[in-house]
1. Of all trypsin sites (Lys or Arg not before Pro) in the range 242-322, which ones are in loop regions per DSSP and have a Cβ with at most 12 other Cβ atoms within 10 Å?
2. So, counting K/R as plus one and D/E as minus one, what does the shell of residues with Cβ under 11 Å around residue 304 add up to?
3. Where in the chain is the longest stretch that carries no chymotrypsin sites (Phe, Trp or Tyr not before Pro) classed as loop by DSSP and with at most 16 other Cβ atoms within 10 Å?
4. Counting only other residues whose beta carbon sits under 9 Å from that of residue 209, what net charge do I get with K and R as +1, D and E as -1?
5. Hey, got the dipole for the range 50-146? About the Cα centre, +1 on K and R Cβ, -1 on D and E Cβ, debye to the nearest 20?
6. Which entry in (1) 22; (2) 9; (3) 18 is this structure's computed percent of Cα pairs over 37 Å apart?
7. Apply the Karplus parameterisation 6.51 cos²θ - 1.76 cosθ + 1.60, with θ equal to phi minus 60°, to every residue of the range 173-178 and state each ³J(HN,Hα) to the nearest whole Hz, in sequence, with x for glycine and proline.
8. Could you work out [θ]222 nm for the chain from helices alone, using -39500 (n - 2.57) per DSSP H run of at least four and dividing by all its residues? Round to the nearest 500 deg cm²/dmol.
Amino acid sequence: MKLLNLNSLILAISFLTVSSAQNNLYATPFITSSTSKFGRRIEGTAVNVNGDIFATNFDANLFEIGSITPSQSVYHTSSSQKSFYNGIRFIPLTKTQVNQGIKGVALLTNVNEDQITKIVVQKDGYVKQSAICKDKTLSLPNDLAYTYKTNRIYISGQNITANTVKGDGGLWVCDGKSGQLIEHLPFGRTNGIEVSPDESNLYISETLNKDSKVVSNKIWKFDIDKRTGKVSNQVLFVDFEKLDGTQAIDIDGMRTDIDGNLYVTRHDGSHVTVLCPLGKILSKINLNSIQKPTNLDFGGKDGKTLFIVGACKDNGTKGCVETIQNDIPGRAFTALKSLNGKFN
């Protein structure tokens, strides 16, 4: 997957003149409808420190997440069947947790219960489950991003209505240590959310409906105050109407690689749009077996395999997975590898 390298300004500028049609890429089916143990609501693709990949809707249960690699198996079942998990992010273990043999800690958006569910998986398989970021303003949390160095959680959410109004979605900022909400900004319905590799910028999508039709898809960019975690200086990063005329195709999950390129799943679009840090299209990843891509993340032993999930084309009751190799590792994998066990 030749997207690289954007480290020099000259090369980045050269991409401004490249049409997306000149760099069409194609993912390869990894889990098909005939082999899948995931349901159609497969979402929340996330990597752990080992490069293993996980997703929601295992066994077609909203309250269950499972592993995609190294094999398909259940990872966590909620203690409440009211839970509806949609987003997943693994976070670095503390020194104490490493010494205790903790296997993993993950944050899960819990749509039905308006909270972030935090799970700590013990070495004997026991899972400690707790609720954080609960607040009267937090409604229908959809996905989340995480700053690994400062332990803050950024949450999107959406209430899908015929005519979107401000407040149908939002951006919530939560302190990962205290579990308390520290900021809330109202938006139209928000979905994809991600942080830049240096954790100085936040990206969040905003979609608008009119008369039950999708009429706008944009990505906003903010500066992150590393001291407080709050955001400021909102600027338009991408307007898909102006970029490529795909404003009617919803943005879903978003992830960055370590060069700051942003990978955006386009629900109902059967593709992923890859954007450089300047907001221009680098490439389009076309999908073979997935009709409605929902989320994605980089995993594998070197963090360079992009896993994309969504509802299968040939069987809408199943969740499929496709992969494509990249030359750059993902942000999440790289951060987990470098920071795991480094904090008290």
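1. Taking the range 242-322 and a limit of 12 other Cβ atoms within 10 Å, the loop trypsin sites (Lys or Arg not before Pro) found are 301.
2. Neighbour charge sum, excluding residue 304 itself: -2.
3. 127-342
4. Combined, the nearby Lys, Arg, Asp and Glu give +1.
5. Rounded to the nearest 20 debye, it is 360 debye.
6. Checking each listed value against the structure points to (2).
7. 3J(HN,Hα) across the range 173-178, in whole Hz: 10, 10, 7, x, 7, 8.
8. It comes out at -1500 deg cm²/dmol, rounded to the nearest 500.
A short reminder: the numbers here are calculations on the coordinates, not readings from a lab. Please read all numbers here as calculations on a predicted model, not as lab measurements. In this analysis, Cβ positions are derived from the backbone assuming ideal geometry, glycine residues included, and neighbour counts consider all displayed protein chains.
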